Protein chains: 2
Amino acid sequence: MRAEGRAAPESRPAPARRDAPLRALLRAPVGERIDLGAFDPRATPGGPAGKAAGLAATAALAEPLTALQERLYAAATAGDRRRVLLVLQGMDTSGKGGTVKHVIGLFNPAGCRIRSFKAPTPEEHEHPFLWRIKKALPVAGEIGIFDRSHYEDVLVARVRELVSRSQLGRRYAQINRFEQSLADDGVTLVKVFLHIGYEEQRERLLERLDNPDKHWKFSPGDIEDRGLWPEYQHAYELALQRCSTGAAPWYVVPADRKWYRNWAVTKLLLEHLEELDPRYPEARFDVAESRRLLLET
Amino acid sequence: MRAEGRAAPESRPAPARRDAPLRALLRAPVGERIDLGAFDPRATPGGPAGKAAGLAATAALAEPLTALQERLYAAATAGDRRRVLLVLQGMDTSGKGGTVKHVIGLFNPAGCRIRSFKAPTPEEHEHPFLWRIKKALPVAGEIGIFDRSHYEDVLVARVRELVSRSQLGRRYAQINRFEQSLADDGVTLVKVFLHIGYEEQRERLLERLDNPDKHWKFSPGDIEDRGLWPEYQHAYELALQRCSTGAAPWYVVPADRKWYRNWAVTKLLLEHLEELDPRYPEARFDVAESRRLLLET
């Protein structure tokens, strides 16, 4: 029952319309080939006019966002199983961590379940690739946030040839079945690819090298991965093509401009929460009687 | 190596001094009997002069707080095992949830591990009472937050007589050994008792009853617990007396004024982080060489 389901299918973001939901603009087409080179990472589709306006617009979304979050959380106390899962993917320095800080930082932290996935531990390696993912899922009423995710297992796994091509093919299918089962169980998936440009990444890596307080964020492996830029872009294109489904679409968020990235992810979450429209549950006790008893104390 | 360890022992908060660390003011005495009736829940020891000043002062702490949090997180990537654990306890409506929202909401959510403890599940019941606690501890570099904690097992367990008196006695000792072992392993414990008054609780419960959007926060059991107010206060006094230790002191935060409560918990966390003084790690790679390689790409 997605709102954009009523619109005609589109293979490329439509021109910004003031009232067009952002997710219709940014959603990757389902089952179609994607050329990331055609998406400008500096673009600001549907966004506010410039940085100052963007920061103000994002701040203004905090209140409706946390109001909806509280309703989602409250509804869960009465059995509503719905929850949201934000999946953040993108090249090094694309701003996954910054998005958690600035966008998820707008929410009530009590209702957020954040998990950052690194290279698998030896224990994780002994299990199917979805094992660690399933353990980190949000429960009813929560907003789950994955900084990297099961998609690493079709991205780095492809680029670094960690598994065979036939295994990769099976993984796309496994991911789609997994995400469909999540959607069936009440999970609203918001999968976001933070799309930065090759030049912008160089600037951001340089910034890390030139500031000793940021050295901990850098590893020489980052330059190695950068050397595989075309391979990674292609792996992303395939992941977006194979795993953007009706139940769990991908959104391509241009991420060279941090203010736009933060605004866009915030807005995407807001639109999904608005559609969920969670409600405060009815009292399951006698309010008048409780009031009387309380006043006697 | 606690700063206040150099001060003379004190059995009651000293009068506010401009430069006195807040934790010296609010710390419960170690091993001494406490009379909570002697602590005014509307007091604002060491605090800003009034609500407007309090809100501004709290907002002003956000920047140094997140700067220190980032350093703690960064240090952990280089092997520093230190982490912080904030334990929040207090009667219903004392503001544990509000503290998480407003104080922990100032932090970068990526470095926070929040856990809210409800009545034990059947599985939790089959394990020792510290089992579920140990599973929820923060890892190196994180700020852990417990909304209720293992203290419920000497509070509600005492008031509701869920275990024998001799078992209770053993639990205090178990808690002290457990917390000492955490401290030995690099955990800075900040145990906060949010102290509200009996009248204030009535007002807050009434507010929940009179606002349908807050009914989900209310349960008739809250009035039952309120009927046991003196027993709970006594159970808290015993927990503070038996478990305020040098390694893991309790802080009594007057909580009738929400702005003071938020400011005080924020300030306590800041003071502990300042003492930890975590440092960004040195680069463990050749910065100049990485820079050269990067510029070639």
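The residues of the protein assembly as shown expose, per residue, 45 Å² of accessible area to a 1.4 Å probe.
Between chain A and chain B, the total buried accessible area stands at approximately 3600 Å², from heavy atoms with a 1.4 Å probe.
A:Ile34 sits with roughly 10 Å² accessible to a 1.4 Å probe, with DNA, RNA and ligands left out of the calculation. The chymotrypsin sites (Phe, Trp or Tyr not before Pro) found in segment A:102-140 include none that occupy coil by DSSP while having at most 15 further C-beta atoms within 10 Å. Taking θ as phi - 60° and the Karplus parameters 6.51, -1.76 and 1.60, the scalar couplings of segment A:108-115 work out to 6, x, 4, x, 10, 10, 9, 9 Hz in sequence order, x denoting glycine and proline. If the Kirkwood radius is taken over C-alpha pairs of the protein assembly as shown, then at 25 °C and 0.890 mPa s the Stokes-Einstein diffusion coefficient equals 94 µm²/s.
If I compute solvent accessible area with a 1.4 Å probe over the protein chains, what percent of it on chain A is carbon and sulfur?
That fraction is 51 percent.
When the trypsin sites (Lys or Arg not before Pro) in segment B:218-297 are filtered for DSSP coil states and for at most 12 other beta-carbon atoms within 10 Å of their beta-carbon, the remaining sites are B:Arg284. Counting only Cα atoms, chain B measures 72, 49, 48 Å along its principal axes, largest extent leading. Checked against a 29 Å cut-off, the cross-linked pairs B:Lys217/B:Lys258; A:Lys258/B:Lys51; A:Lys217/A:Lys258; A:Lys267/B:Lys118; A:Lys96/B:Lys118; A:Lys134/B:Lys135 give Cα-Cα distances beyond that limit for A:Lys258/B:Lys51; A:Lys267/B:Lys118; A:Lys96/B:Lys118.
Per-residue Karplus couplings for segment B:200-206, computed as 6.51 cos²θ - 1.76 cosθ + 1.60 with θ equal to phi - 60°, are listed in order as 4, 4, 4, 4, 6, 5, 4 Hz, Gly and Pro entered as x.
Evaluating 6.51 cos²θ - 1.76 cosθ + 1.60 at θ = phi - 60° for every residue in segment B:241-255, the Karplus couplings come out as 5, 7, 10, 8, 10, x, 6, 8, x, 9, 10, 9, 9, x, 10 Hz, glycine and proline recorded as x. Among DSSP beta bridges lying fully in chain B, give the percent that are antiparallel, nearest 5. The answer is about 5 percent antiparallel.
The mean number of Cβ atoms from other chains found within 10 Å of a Cβ in peptide A:77-83 is 1, as a whole number. In a reduced charge model with +1 at each Lys and Arg Cβ and -1 at each Asp and Glu Cβ, the protein assembly as shown shows a dipole moment near 40 debye about its Cα centre. Summarising the amide proton neighbourhood of B:Leu86: residues at separation of 5 or more, or on other chains, whose placed amide H is nearer than 5 Å comprise B:Gly144, B:Ile145, B:Phe146, B:Val190.
For segment B:68-219, the normalised intensity computed at q = 0.09 Å⁻¹ comes to -0.35 (log10 of I(q)/I(0), Debye sum over alpha carbons, equal scatterers, no solvent). Heavy-atom accessible area for A:Leu228, with the other protein chains in place and a 1.4 Å probe, reaches approximately 40 Å².
Dividing the summed -39500 (n - 2.57) terms of all DSSP H runs of n ≥ 4 by the residue count of chain A sets its mean residue ellipticity at 222 nm at -14000 deg cm²/dmol. A dipole drawn for chain A from +1 and -1 charges on Cβ atoms has a positive end, and of A:Gln174, A:Asn108, A:Thr266 the residue lying farthest that way is A:Gln174. For chain A, the longest principal axis of the alpha carbon atoms and the long axis of helix A:51-76 meet at an angle near 50°.
The values are calculated or read from the model by the stated rules, or taken from the named source; none is laboratory data. Since we're looking at a predicted model, the values are computed, not measured. Using ideal geometry, Cβ is built from the backbone for each residue, glycine included, and neighbour counts are taken over all protein chains shown. The accessibility values were calculated without ligands, DNA or RNA, using every heavy atom of the protein model including side chains. Shrake-Rupley method; radii C 1.70, N 1.55, O 1.52, S 1.80 Å.
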